[in-house]
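Read through the structure below, which is laid out as structure tokens, and then see the notes.
The values are calculated or read from the model by the stated rules, or taken from the named source; none is laboratory data. Being a predicted model, the structure only gives us computed values, none of them experimental. Here the Cβ positions follow ideal geometry from the backbone for every residue, glycine too, while neighbour counts run over all protein chains shown. Protein only, heavy atoms only, side chains kept; ligands, DNA and RNA dropped before computing areas. Shrake-Rupley method; radii C 1.70, N 1.55, O 1.52, S 1.80 Å.
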Amino acid sequence: MSEITAQTLRRLMENDPVLDEVRVTPDYDGYRGYNSRPEIAYMFPRGDVGWKMAGEVVGNNTSIEVLAVRGAVEDKLKAFFNGARRNGSISGLALIACDVMRGAPLLSMVPLLENNCNLTTLKLWGIPAGNNDGIRELASALSSCTHRLETLSIRDCSIEDGAPFEQLVAALIPNQVGQNPTLGELDLSMNNIGRNGCSVLATMLRNPRCRLNRLDLSTNGIDDEGVTSLADGLTKNDKLAVLNIAKGNPITNNGWTVIAKILCNKSCINKTFLSNHSLQDLGQEGYPIVKLPIDLESHLKLNSKGKSDPLNDDQPFVPIQKILDNHHDWNMFTLIDEDIKMLTYILGWIDRAGVANRIFDGITKKKKRQNTKTLRGRRHSTIHQFVRSMPLIMVEKLMMNESG
């Protein structure tokens, strides 16, 4: 046993309050000369006995918050988790370049996932899936803790589309009574889910219980058809702010145009208002190879600056700005609907938009002045169109009364 491992074991057994993170790996040579901070400690267990002892000490500890295991093989992980699964203090667990997808180690890890009420972050990096049974075991393990997980990263694990992937995604939103989804960040980068996998994820994004704020799908073989599926899932999603798909996916302007349309559907005022106003980032920053269309960049930028209307938290100013920018000729006859009462609501909306425009700090002063001028013109145009329509409305109502 190395001196470093012995020292870490002592600190764990003593519940050293300074110790926050423990990193476990069999590769002692790779960590020679490491610069460890007091809050981080390393262990280099040898053989089944060493891994079993390390797991038992971690399992009895009540103070560490992060546990990272790198480069372990299946039998060693099983021995380790047989003891470590008793731990209840860990909030972050990372398995890196470990052979865990054959089932047994994941089954050993399930009690830790089920019983640890503090676990909020789980990272699996560089772990080859191997076969579908491993993905199914992972889905089963995740189903026990997705009502607590806030961040899940399954990166570079050779995951592909198919029934096991569907099972994995389904496990991310708990369906048991009293269990509310807490997952806000999902990283599936450097896999191969393709267009079919996008369809599965779109179903999850359409689920009103989905709470994802960030989704990383970089380097996943996603083409324009996959983007179309994701866009369909985002049509009524008001939670996701970051969708990282720009890097490492063969997406053309056709795919980006689909995304632009869900951010600002210009076919009519109502569809513009009901467009997606939450998506802010496609992962294009720092990746100059990808050139997004100008209108898409504009919509993303506006969404990123969006703040709630101070008069009504449920009425953001972003859709108002999109309406002002893209609907220059308001045909009020489609809104009047033969009812003069609509005039009050429409003028009230314009007045509220004017107040919000003055308070909103996501646009320049020049844009504010332009909005003020536009809203003034919309108000005058609305009243004018209502006045013009009044004789027709009154005649039709009189005829209806006479016929009645």
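Points worth noting:
- Remark: accessible surface ordering of 5, 219 (largest first) is 219, 5, probe radius 1.4 Å.
- Positive minus negative residues near residue 252 (Lys, Arg vs Asp, Glu; Cβ under 12 Å): -2
- Semi-axes of the equivalent ellipsoid for the stretch 167-303, Cα gyration tensor, largest first, Å: 23, 19, 13
- For the stretch 153-242, with all protein chains in place and a probe radius of 1.4 Å, 44% of the accessible heavy-atom surface sits on carbon or sulfur.
- For residue 37, neighbours were defined as the other residues whose beta-carbon sits under 12 Å from its Cβ, and their charges (Lys and Arg +1, Asp and Glu -1) total -2.
- Built amide H within the under 5 Å cut-off of residue 42, gap 5+: 23
- Between residue 118 and residue 211, the contour length at 0.36 nm per residue exceeds the Cα-Cα span by 31.6 nm.
- The listed residues 264, 117, once ranked by accessible area (1.4 Å probe) with the largest placed first, stand as 117, 264.
- Near residue 216, the amide H atoms lying under 5 Å from its own belong to 186, 187, 188, 244; only residues 5 or more places off or on other chains count, and H is placed 1.01 Å from N.
- Where 229, 298 fall by accessible area, highest first, once all protein chains stay in place (1.4 Å): 298, 229
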